[in-house]
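Report on the structure given below.
The values are calculated or read from the model by the stated rules, or taken from the named source; none is laboratory data. These figures come from a predicted structure and were not determined experimentally. Every residue, glycine as well, gets a Cβ built from its backbone with ideal geometry; the counts of neighbours run over all protein chains shown. Heads up: the accessible areas ignore ligands, DNA and RNA and are worked out on the full protein's heavy atoms, side chains in. Shrake-Rupley method; radii C 1.70, N 1.55, O 1.52, S 1.80 Å.
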Amino acid sequence: MADKVLDNNQVNIVGVVDSEFTYSHEVFGEGFYMIEVMVNRLSSMVDRIPLLISERIVDVTQSYIGQTIRVQGQFRSYNKHEEGRNRLVLSVFVREFSIVDNPEECEKPYSVYLDGYICKVPVYR
């Protein structure tokens with residue numbers, strides 16, 4: 001079962017960094033930071049994708065704004081409780097991070113493989 005969890009919701013993207021690192025949280029002494037990446041769609045529109053990344057993967061004291069990066073990881077979500085309401089937060093949990101020197105040479109700039117379950121939600125009238 002644990003192996004399947006690591007294979008679920010795979011994300012591969014190439015995009016341009018559009019923000020500085022901001023601290024998110026710490027787990028067992030490992031700091032995690034958020035950063036946003038702009039990813040071009042085939043329709044020429046741009047998506048801003050939030051990334052959650054460990055300080056052990058990349059130097060979070062450095063600025064990568066304007067640089068093209070390749071990221072591999074998992075699409076994740078959680079409910080954030082604020083002001084008595086729940087808000088669904090979506091992000092990419094980064095497992096691999098690299099700088100791309102020639103973005104034009106990227107054959108497949110992005111892909112998402114979602115594997116999971118759709119839960120039937122009861123409707124109350």
Next item on the list: Can you confirm whether segment 54-71 contains a residue that is in a loop (DSSP other than H, G, I, E, B), acidic (Asp, Glu) and either open to solvent by 70 Å² or more (accessible area, probe 1.4 Å) or closer than 13 Å to PHE97 by Cβ (or both)?
Entry: yes
Margin query: Anything in segment 39-77 that is in contact with a Gly (Cβ under 9 Å, 6 or more places away or on another chain) and among the aliphatic types (A, V, I, L, M)? List them, or say none.
Written below: VAL39, VAL46, ILE49, LEU51, LEU52, ILE53, VAL60, ILE69, VAL71
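Residue by residue, here is whether (1) in contact with a His (Cβ under 7 Å, 6 or more places away or on another chain); (2) of a type outside the set (S, T, N, Q); (3) modelled with pLDDT under 90 holds:
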residue	(1), (2), (3)
LEU6	no, yes, yes
SER24	no, no, no
MET34	no, yes, no
LEU42	no, yes, yes
GLU55	no, yes, no
ASP59	no, yes, no
Checklist line | Positions within segment 38-52 being of a type in the set (A, V, I, L, M, F, W, C), over 11 Å from PHE21 (Cα atoms) and in a strand (DSSP E or B), in sequence order | finding: MET38, VAL39, VAL46, ILE49
Next item on the list: Of the conditions (1) farther than 27 Å from ASP115 by Cβ; (2) in contact with an Asp or Glu (Cβ under 9 Å, 6 or more places away or on another chain); (3) without any contact (Cβ under 8 Å) to a residue 24 or more places away in the chain; (4) not aliphatic (A, V, I, L, M), GLY66 clears all except one; give me its number.
Entry: (3)
